[in-house]
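**Student:** Provided herewith is a single structure, encoded as C-alpha cells, for subsequent inquiry.
The values are calculated or read from the model by the stated rules, or taken from the named source; none is laboratory data. Note that the structure is a prediction, hence the values are computed from the model and not measured. So basically every Cβ, Gly included, is an ideal-geometry build from the backbone, and we count neighbours across all protein chains shown.
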Amino acid sequence: MIHPGAGGCEVYAPLAMALSEKFSCYGVDSYNLYSKNLIRDLNKLAEYYLVHIESVMKDTGQSNYLFLGWSLGGQIALEISSILESKGYNDTKVYLLDTKLKYYSDNSHALYQTEKDNYLSKLASQGFDISYIHKVAKLLDVENNIQHQKITSELAFTKIALLKAMQIEVQPIPADNLSSYIEVSNHNIERAVKNASNLKIINVYDASHTTILKKESLILSELTA
C-alpha cells in the first residue's frame, strides 16, 4: 500500500484491517514527509521504495507483486511496476484508488494553487504549528512536481484496476479550471499502458476522492476477483 500525497501510509490502516483475513498488508510510508533530502524525481522515488519492497518480498518468500495506491500512491505504484517490467516481471497487479495522471492535463497549475492554499488554511485553522505548515507546503510542491512526471515506460504486462470516484468534492470549482473536472473516463491511466485489455475501470458513483478509501467491500471484491 503506497502512501498518498501529503500523508503517510497510516491512512490505509482501516482498510488493511478489513483486508486482513485475505491479505497481509504492508504500508510504504512517505520518504519525503520525514526526510530533509527530498527526492523530487518519480523514478528515483520508486526505485528507493522498490529496494525496501524487494527486501520484504524476499523475507516472505513471495514473488508476485500486488500494489494498491490512493491518489499519488497509485502513480508511484505504476512507476514501480514499470521498473519491475524492465527487470522481467510480467505478472504484477496494481489497484488504483482514484489516481489521476496529471502530466496530460494542460490546466492543472492554477487548480493546484487553489487546492494547496485551501489545504494549508485548513491546517492553520486546526492549530498546527507554522513550521509544520511550511514543511507541508514544501512537500506539496515537491509532490505536485512528481505528479506531473511521466511513467518511465508504458506498461506492457501489468494488470491495472482503476476505482474511479464519481463524486466531485471540491467546491466551488474556479470557472477557468472547470475543464479539469470534466474527466476522461479513465483519468489518463490508459496513456501509461500498451494494451488496453490490461486496464479495468470501475466507476464508484457513491464515493469522492476522499471517501473512496471507505469502500472496503468493493476494494476487497476487486482484489479477490
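**Student:** Quick check on Met1: is it without any contact (Cβ under 8 Å) to a residue 60 or more places away in the chain and hydrophobic (A, V, I, L, M, F, W, C)?
**Tutor:** When the stated conditions are applied, Met1 does not pass them.
**Student:** For Tyr89, indicate whether it is of a type in the set (Phe, Trp, Tyr) and under 25 Å from Ile212 (Cα atoms).
**Tutor:** no
**Student:** Report, ordered by the first and then the second residue, all pairs with beta carbons closer than 7 Å, sequence separation of six or more or different chains, a first member in region 39-67 that is surrounded by 16 or more Cβ atoms within 10 Å (Cβ to Cβ), and a second member that is acidic (Asp, Glu).
**Tutor:** Leu42/Glu79; Asn43/Glu79; Ala46/Glu79
**Student:** For His187, work out the one condition from (1) exposed (fewer than 14 other Cβ atoms within 10 Å of the Cβ); (2) at pLDDT 85 or above; (3) not in a helix (DSSP H, G or I); (4) not charged (D, E, K, R) it doesn't fulfil.
**Tutor:** (1)
**Student:** Of the residues that make up region 158-173, is at least one in a loop (DSSP other than H, G, I, E, B), at pLDDT below 95 and under 27 Å from Ala18 (Cα atoms)?
**Tutor:** Within region 158-173, one or more residues are in a loop (DSSP other than H, G, I, E, B), at pLDDT below 95 and under 27 Å from Ala18 (Cα atoms).
**Student:** List the helices (runs of 4 or more DSSP H) that sit entirely inside region 1-76 and contain at least 1 residues that are at pLDDT 95 or above and among the acidic types (Asp, Glu).
**Tutor:** Those helices (runs of 4 or more DSSP H) span 42-60.
**Student:** Report, ordered by the first and then the second residue, all pairs with beta carbons closer than 6 Å, sequence separation of six or more or different chains, a first member in region 68-97 that is under 23 Å from Leu220 (Cα atoms), and a second member that is of a type in the set (Lys, Arg) and outside any helix (DSSP H, G or I).
**Tutor:** Lys93/Lys159
**Student:** So, in region 77-103, exactly how many residues are modelled with pLDDT under 95 and within 18 Å of the chain's Cα centre (by Cα)?
**Tutor:** 4
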